[in-house]
């Protein structure tokens with residue numbers, strides 16, 4: 001390739017995003033607990049909508065996503081005109097960086113925050129600013145201290161991935177009110193549905209001019225394979241983002257399936273309740289075997305080990321038993337493994353196998 005053909009400065013400094021592993025060599029019965037997927041899958045109503053939609057795959061989708069936005073608005077009691085839909089919440093995050101960040105601008109996020117914040121920032125030519133957490137929990141005061149006249153976006157996942165921890169809405173409001181005038185607070189609510197009574201920041205995004213919320217259908221709705229997300233906030237921000245959104249960024253199949261999914265809130269409630277029970281079972285099972293975790297508010301637990309070497313060894317032991325979890329060294333947590341809440345047999349099996357690993361380690365010592 002010619003030396004004159006080169007990407008924008010900073011692009012080649014971006015580390016490639018690696019999703020959770022899905023396979024174990026030599027095994028066909030591996031249990032995947034690495035990507036925080038809903039083990040129950042999509043609701044029956046969503047599946048039925050998907051089946052109907054295949055008959056219109058030859059038609060272009062509508063460009064305004066009006067029907068899906070109306071459904072989201074009805075369910076969440078928010079204005080559909082202040083909603084934008086994207087290819088997962090990842091695309092909405094990318095839109096925000098593309099629209100508001102340039103050379104010399106800074107984007108703030110916490111040290112264990114979602115990797116796409118840094119990737120989207122660097123892709124837009126901005127400077128990522130990572131802020132320390134306090135015992136794996138967002139530290140609002142530390143974030144405010146990191147902000148300055150160059151800060152354009154502040155990303156906070158609440159609940160956070162991969163820690164599973166969250167901060168109260170009052171703290172997020174304090175953060176929004178304390179930001180520099182030119183900065184937008186983006187509340188990433190990918191796991192909001194797992195917290196009973198939590199609106200993901202919708203009320204703040206309705207009331208405050210510098211707050212924006214992102215959400216996804218990939219987690220509790222079980223539509224990770226269709227890639228549908230959405231954002232909500234001030235009309236002025238929505239107008240900006242729609243100017244860079246591709247007109248056909250979501251397929252007809254994705255739009256119609258997501259609409260059926262969001263209207264099936266009985267299914268969401270069942271999944272939330274099942275997750276709460278099984279998350280407790282998993283966390284307590286690990287704790288009984290000497291592996292602690294913070295109180296999680298999402299559909300995973302962050303298992304903590306004595307050292308990075310022990311975490312890596314446990315991961316290998318789990319893989320040998322056909323259990324796939326997620327190493328999170330790339331999130332600054334090399335001594336941890338993130339374990340998705342699966343069905344009851346999977347949760348019990350993971351805890352048991354981790355216990356066997358710990359027993360083997362003691363025997364070796």
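Regarding residue 255, is this residue surrounded by 19 or more Cβ atoms within 10 Å (Cβ to Cβ) and either in contact with a strand residue (DSSP E or B) (Cβ under 6 Å, 6 or more places away or on another chain) or outside any helix (DSSP H, G or I) (or both)?
No: the conditions fail for residue 255.
Would you check which residues across segment 315-341 are in contact with a strand residue (DSSP E or B) (Cβ under 7 Å, 6 or more places away or on another chain) and either over 22 Å from residue 115 (Cβ atoms) or in the same structural domain as residue 110 (by TED's automatic domain parsing) (or both) and list them?
322, 323
Check whether at least one residue in segment 75-94 is touching a strand residue (DSSP E or B) at 6+ places or on another chain (Cβ under 9 Å), crowded, with 23+ Cβ neighbours inside 10 Å and in a loop (DSSP other than H, G, I, E, B), and report yes or no.
For segment 75-94, residues touching a strand residue (DSSP E or B) at 6+ places or on another chain (Cβ under 9 Å), crowded, with 23+ Cβ neighbours inside 10 Å and in a loop (DSSP other than H, G, I, E, B): absent.
Say whether the condition of being modelled with pLDDT of 95 or more and within 21 Å of the chain's Cα centre (by Cα) is met by at least one residue in segment 311-318.
Scanning segment 311-318 turns up no residue that is modelled with pLDDT of 95 or more and within 21 Å of the chain's Cα centre (by Cα).
Which members of segment 129-150 meet the condition of being without any contact (Cβ under 8 Å) to a residue 24 or more places away in the chain and crowded, with 17+ Cβ neighbours inside 10 Å?
129, 131
In this structure, is residue 238 under 22 Å from residue 250 (Cβ atoms) and either free of Cβ contacts under 8 Å to residues at least 12 places away in the same chain or part of a helix (DSSP H, G or I) (or both)?
yes
Looking at segment 258-279 only, could you name the residues that are within 20 Å of residue 75 (Cβ to Cβ), out of contact with any helix residue (DSSP H, G or I) (no Cβ under 7 Å at 6 or more places or on another chain) and surrounded by fewer than 17 Cβ atoms within 10 Å (Cβ to Cβ)?
Correct list: 266, 269, 270, 273.
Can you find a residue that is out of contact with any helix residue (DSSP H, G or I) (no Cβ under 9 Å at 6 or more places or on another chain), at pLDDT 95 or above and surrounded by fewer than 23 Cβ atoms within 10 Å (Cβ to Cβ) anywhere in segment 166-174?
For segment 166-174, residues out of contact with any helix residue (DSSP H, G or I) (no Cβ under 9 Å at 6 or more places or on another chain), at pLDDT 95 or above and surrounded by fewer than 23 Cβ atoms within 10 Å (Cβ to Cβ): present.
Which one of the conditions (1) more than 22 Å from residue 216 (Cα to Cα); (2) free of Cβ contacts under 8 Å to residues at least 60 places away in the same chain does residue 269 fail to meet, given that it meets all the rest?
Condition not satisfied by residue 269: (1).
Looking at (1) under 24 Å from residue 65 (Cα atoms); (2) touching a strand residue (DSSP E or B) at 6+ places or on another chain (Cβ under 9 Å), find the lone condition where residue 243 falls short.
(2)
The values are calculated or read from the model by the stated rules, or taken from the named source; none is laboratory data. Small disclaimer: the values here were computed from a predicted structure and weren't measured. Counting neighbours? That spans all protein chains shown, and the Cβs are built from the backbone with ideal geometry, glycine included.
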